[in-house]
Structures are given as structure tokens and as C-alpha cells.
Amino acid sequence: MLRTLSLLLLLAALLLTTTSTRAASLPLGTQISYERALLIDAGKQHHLIISIDVRGASPNAALVIPVPGIPTIDQASDLDALFPYLNMATQPDVDEQNRYVWRVRTTPTPTPPNVDLLGHQQLGDLEIASVNSSDAVALQAWLHANQYELPAASAPLLDAYVAEGWSFVLVRLRNPASDGATPPIRISYTANELVYPLRMAALSASPIGLDLYVLSAHRYQAAGLTPIFAGPVTSLTPPPDAGVADLLATAPYLTRLHSSTLDPAMLSGDLQLERAADDSPYRATIIRAETVSFADRYGVLMVLLCLAAFSPTSFVIALSIRRRIRAIVPPPEED
């Protein structure tokens, strides 16, 4: 029963987006309700493809995405089709079961010293800048001068990222009046470890939803995330279109990890991806139990059967059968 309930909750979590105020990236002047990300491991070269659901954006709304290396950003032509396809192709199997009961109850300014502006570009409705700094104070001053207003609680996290040599991708929303998912962008960088930036999520006031896909040579796992799918890219059904197939051609194995209730209080660092014990394929199974009223579905049939059993015709048939049995098997002779 508990397993069934947990799987039903998992299905609901996959179908519904969970509301939260912040997630892996740091929202400025807006709120994040969900993040979808594909983390691609190509040796030391990593690619993070990410799309973020935002709502209630102010005129200067922006997102700060920390990455552990010097980033380059682009938008491939088929990125819009990536996450809808991955979501469809990695859905859990559904085991439908019936349980019968009798009755159912119902643009940047010049950079100061120690801040390097690595790039600035327009990608559709997104204005994107990438910066790197060895001085957290100088970085915060630059962000403030360029109207990236950071909450005070983010200062220690920003300091830690700067001390560890991370860079920052700044995504300004050029059409902040519209709610919904931002167009996916691809952030490429070099790093020694496979990690998803989740430290900023500690600032969230409510649980965080995350769908994380990992494309690598092997199956991966992460603490706090539930596996939904693991298997070779060639096992995905239906097969991806040519554009999405090109995006998935970097590595042979895909893992899908999910959580709708990451507790911000438990997030003290970024999400470390670890090799699973083996590369055995896996797809979650959802048991969808339906309570069926036996009386409502079969009540009329039962009444008809009862009437037929006690009708004169039934009596005559029973008597005829009894006579035939006696004719075939005569009663025993009395001593």
C-alpha cells in the first residue's frame, strides 16, 4: 500500500509543476517554479542545457547561473524540442490495476578591476552576459551597477563560488511580462567533476522541483533525487527526431533523475553526480489503482441471474437434468 501511494505521488509530481521561489539559478526580480536541465558529460567538456519556468517577473528580471568553468553560450535550433521529447520518452511505465469493492464513496557597463566580462549576446528574448571574478566585492558592485539586484542572503554563496573559481551566466529576460518557461540555452564549459549548480536553492522558501537528465557513458545517481529512467539512448521510444538525436549523440547513456520536494534546508552544496553501481537499464513503474464498484458495474447482471435461477424455467431445466442423471446412474439397490 505504501509503495503504491508513493508511486502515485511520483506520477503526480511528474505531471504537475511544483511552485518555488528559487532553484539552482538565482532569480532577480522574478520567481522560479521549475527547472529542466540536461547535463552532458563529454570528458572534461561539459554542456548544461537548461530551461527555467518563471513567473511574476519585474522589468529588470534576470537569472544568475553559476558554472564551474569559463562558459560559452549558444542556442541550437532544436533545443525547443529537447525537453518535451525527453519527458515523453522517459515516462514511467503504468501498471493499471482494478480494486473491486461493493460500493465506492464518492547591456553591461564597463567592468571594474578583478571582474572579467567574458561575453555578451542576444539570444531571442534573452540578453546573456557571462562574467568571472576573483573578487566577490568587486563582482557584487558590478552586478549592482548593471541592475542585477542580489538579495543580501546570497552574498555568502556568491563569495564561496568566487573563491572556488566559478563563473556566472547572467540571463536577463527581455520580455518579463510573460510567465512560463524560458527558451533553453546551452552552456558549455570545462570541469573535472560532473556537478549541477544547486547551492543557490538554499535561499528558497519552499520545496524545489527539478527534472535532471544526465547524458554520459554510464548511469548516474544523486542524493535526494529519484531515478525515473536509465538506459542507452538507442532504447528510447519513439526514437528522437534528427535534431534532438544530434543533441543526444555526444554520449550513449541517458539517466533521468527527479524530485518535486527538494528541501532547501538540506541543501548545503551543489548536486554531485555519482556513478551508479552498474549500468543496468531501469524505468520506473507507476501502479495506477482504480476502485471499481462491483454493485454499480455488475449489480443488474446479478439481479438477472438471481431471477433466472428461481424462475419456473430454471426449475424445469433442473428437474430434467436430475432425471437424466438418474437414467445414466441408477440409484443403488437396497439390501
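Every read-out reported here was derived from the displayed coordinates using simple, explicitly stated rules and does not represent laboratory data. Computed from a predicted model, the values in this text were never measured in an experiment. Quick reminder, even Gly has a Cβ in these numbers, built from the backbone with ideal geometry, and neighbours come from all protein chains shown.
Things to note:
- In this simple spin-label model, placing a label point 7 Å from the Cα along the Cα-to-Cβ direction at both Asp74 and Ser235 gives a separation of 3.1 nm.
- Distance (nanometres) between label positions extended 7 Å along Cα→Cβ at Ala251 and Asn175: 3.3
- For q = 0.09 Å⁻¹, Debye-computed log10 I/I(0) when each Cα of the stretch 2-290 counts as one equal scatterer: -0.44
- Debye, to nearest 20: dipole size of the stretch 2-290, +1 on Lys, Arg Cβ, -1 on Asp, Glu Cβ: 780
- For the peptides 58-66, 75-83, 27-35, the ranking by packing is 27-35, 58-66, 75-83, with the highest mean count of neighbouring Cβ atoms within 10 Å listed first.
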